[in-house]
1. Just checking, which of L414, L378, L454 is open to solvent by 30 Å² or more (accessible area, probe 1.4 Å) and touching a Phe, Trp or Tyr at 6+ places or on another chain (Cβ under 9 Å)?
2. Scan the stretch 354-375 residue by residue and report those that are charged (D, E, K, R) and open to solvent by 50 Å² or more (accessible area, probe 1.4 Å).
3. Taking the stretch 11-29 only, how many residues are assigned to a helix (DSSP H, G or I) and open to solvent by 10 Å² or more (accessible area, probe 1.4 Å)?
4. Anything in the stretch 267-296 that is assigned to a loop (DSSP other than H, G, I, E, B) and of a type outside the set (A, V, I, L, M)? List them, or say none.
5. Checking K73 against (1) open to solvent by less than 60 Å² (accessible area, probe 1.4 Å); (2) part of a helix (DSSP H, G or I), which single condition isn't satisfied?
6. Restricting to the stretch 87-132, count the residues that are open to solvent by 50 Å² or more (accessible area, probe 1.4 Å) and either over 47 Å from the mean Cα position of the chain (by Cα) or under 21 Å from V205 (Cα atoms) (or both).
7. For residues that are aliphatic (A, V, I, L, M) and touching a residue at least 12 places away in the same chain (Cβ under 8 Å), scanning just the stretch 245-298, find the one that is surrounded by the most Cβ atoms within 10 Å (Cβ to Cβ).
8. For the stretch 202-220, enumerate the residues that are under 23 Å from Y252 (Cα atoms) and touching a Phe, Trp or Tyr at 6+ places or on another chain (Cβ under 9 Å).
Amino acid sequence: KCRTGPLDIVFVIDSSRSVRPFEFETMRRFMMDIIGSLDVGPNATRVGVIQYSSQVQNIFSLKTFFTWADMEKAINNIVPLAQGTMTGLAIQYAMNVAFTTQEGARPLHKKIPRIAIIVTDGRPQDRVTEVATQARNAGIEIYAVGIQRADMNSLRAMASPPLEEHVFLVESFELIQQFGKQFQDKLCGVDTCMEQEHGCQHSCVSTPSSFYCECNPGYRLNVDGKTCSPIDACADGRHGCQHQCVSTRGSYSCRCRAGYHLNQDKRTCSMIDYCSFGNHSCQHECVSIPNGHYCRCRSGFTLQPDGRSCRATDLCNGVDHGCEFKCVSTEGSYRCVCPEGQQLQADGKACSRCGAGHVDLVMVIDGSKSVRPQNFELVKQFVNRIVDLLEVSPHGTQVGLVQYSSRVRTEFPLNKYHSADEIKKAVMEVEYMEKGTMTGLALKHMVEHSFSELEGARPLSHKVPRIGLVFTDGRSQDDISEWARRAKESGIVMFAVGVGKAVEEELRAIASEPVEQHFSYSADFTTMTHLVENFKLNICPEEGKGETEIRSPCECEALVQFQTNTVAILQSLTEKNILWAPSLAQMTARLEDLEKQIANKK
């Protein structure tokens, strides 16, 4: 068997009338001897046979048979055409048909040699030089075997260089079988990879007269034809990894971000349940978040400074009561109330919405490291409470969200979502950035991008109010004054919300006039409910009108109300043995004296 790698071989056999029947039989034996020396198979050497005279006939193609027995049977069944000698036509057929991938030839990039063995006994009746050149340029290596009366010039015009290795003239048909054994050695040749310094980085593959280099799986051959480079399996973007793709020698693996684990499908990721480890020490409930967990108390309790233990408190401060305006604690329970002139809705929590006017609202939230993951979740809940106040729609109120730390990121622009549910879902999927506090950079981004028409802000000519709400928990690491001023000069109504270590001077610089109505502060993240209420009263002026009646403390009705409330409180204190009876009597006498003075003035 040949020691070379796989080949694609097509025999081009002259069956013109000059080839007598017994001579054609020797040609059959020549083909079968050559095929018998080859390692034939779908992944080894493939063989095809065509015969020609005045026309070309395909006996079997490269994809037809893969065993010597099947090929021998097909060759024995060949009926010679016995007409003219159109060798050029046969070469054209081999190039255009026999050596196509449709007929079984391996693609050129696989570098499997394509070999045509032309066996003829006469002079061609058509031109062969030009078509043979085209075939050789197409990557076909041509061996020209002439028998008896063959024209040497035609053989040399057809064959590949070097001619001394590709042109053969056999004196008679009787000698062709003996020549076949010599031709086998010429076709199979020596192992060129062993005989010379090939320079292949990975592996060398011998061909009848040369060699080529191949790379190991997971590598591709470089343009120099010898060295190999790893294939980046992640580069084509078809890996399907949810988080990160990692290339590994022609293959890849998926990897999850910190705080997540890889699922069984080896592509998607799920957040690690840190609470399930059992070492959280939370008194009530443990809540897992990326990269850790935090403790949460049950309804009616407040988380203590140690971050783990809980203490009972009034329910309005201890639970997510959901009251839109205000929560009023009662014994063992609570109830929601609405501003004067508004009615509590059927759900017992919501009041009439801010629907009289439409606005473009962009909220800029602090995602710096000082906020911490558990508090950032509370910030997102704060944002969604504000969204609950608004009538969001394509032609109504629009909401955009920007997060900043050492850099600024638009989480979604004004024209991204058109319903409150969509916005709230997107807010809860926002990932915490960490790092620094570049509030000035965030204000610049808001002015230049967030309120641009490209990101959905309606033109100033439409007179839709533009409102910016900046939420921060600490001192800015850059200057805020210039872009705070520019924001207000460009017509944006600015609200500033501070928590914890937020600097009042910076909050006031951000807020629009009157400043007292446009900035709010909360000591910590767990008591931010009143900030939402303050924001609603200022963003929805039509609901604030007539809500709070300013009354003189000296008016009769006010005094009577004061007296009634005070007596009730004193009575309660007496029942609890907090005040002495003489003190209560003195206070009651004082109140009666006040009543008489009022009566005399009337």
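1. Values: L414 fails: open to solvent by 30 Å² or more (accessible area, probe 1.4 Å); L454 fails: touching a Phe, Trp or Tyr at 6+ places or on another chain (Cβ under 9 Å).
After ruling out the rest, the residue left standing is L378.
2. So in the stretch 354-375, the residues charged (D, E, K, R) come out as 360, 366, 369, 372.
K369, R372, listed by residue number.
3. Residues of the stretch 11-29 assigned to a helix (DSSP H, G or I): 21-29.
Subset that is open to solvent by 10 Å² or more (accessible area, probe 1.4 Å): 21-22, 25-26, 28-29.
Going through the stretch 11-29 one residue at a time, the tally reaches 6.
4. The first filter runs over the stretch 267-296 and keeps only residues assigned to a loop (DSSP other than H, G, I, E, B), leaving 267-268, 272-273, 278-284, 290-291.
Listed by number, the residues that qualify are R267, T268, D273, G278, N279, H280, S281, C282, Q283, H284, P290, N291.
5. Here K73 clears every test but (1).
6. Residues in the stretch 87-132 being open to solvent by 50 Å² or more (accessible area, probe 1.4 Å) and either over 47 Å from the mean Cα position of the chain (by Cα) or under 21 Å from V205 (Cα atoms) (or both): 12 in total.
7. So the first thing to find is which residues in the stretch 245-298 are aliphatic (A, V, I, L, M), and the list is 246, 258, 262, 271-272, 287, 289.
Now restrict to residues that are touching a residue at least 12 places away in the same chain (Cβ under 8 Å): 246, 258, 271-272, 287, 289.
Details: V246: 13, A258: 8, M271: 14, I272: 19, V287: 15, I289: 17.
The qualifying residue surrounded by the most Cβ atoms within 10 Å (Cβ to Cβ) is I272.
8. Start the filter on the stretch 202-220 by keeping residues that are under 23 Å from Y252 (Cα atoms), which leaves 202, 214-220.
Result: H202, single match.
The values are calculated or read from the model by the stated rules, or taken from the named source; none is laboratory data. Just so it is clear, the model here is predicted, and its values are computed rather than measured. Counting neighbours? That spans all protein chains shown, and the Cβs are built from the backbone with ideal geometry, glycine included. In case anyone asks, the SASA skips ligands and DNA or RNA and just uses the protein heavy atoms, side chains included. Shrake-Rupley method; radii C 1.70, N 1.55, O 1.52, S 1.80 Å.
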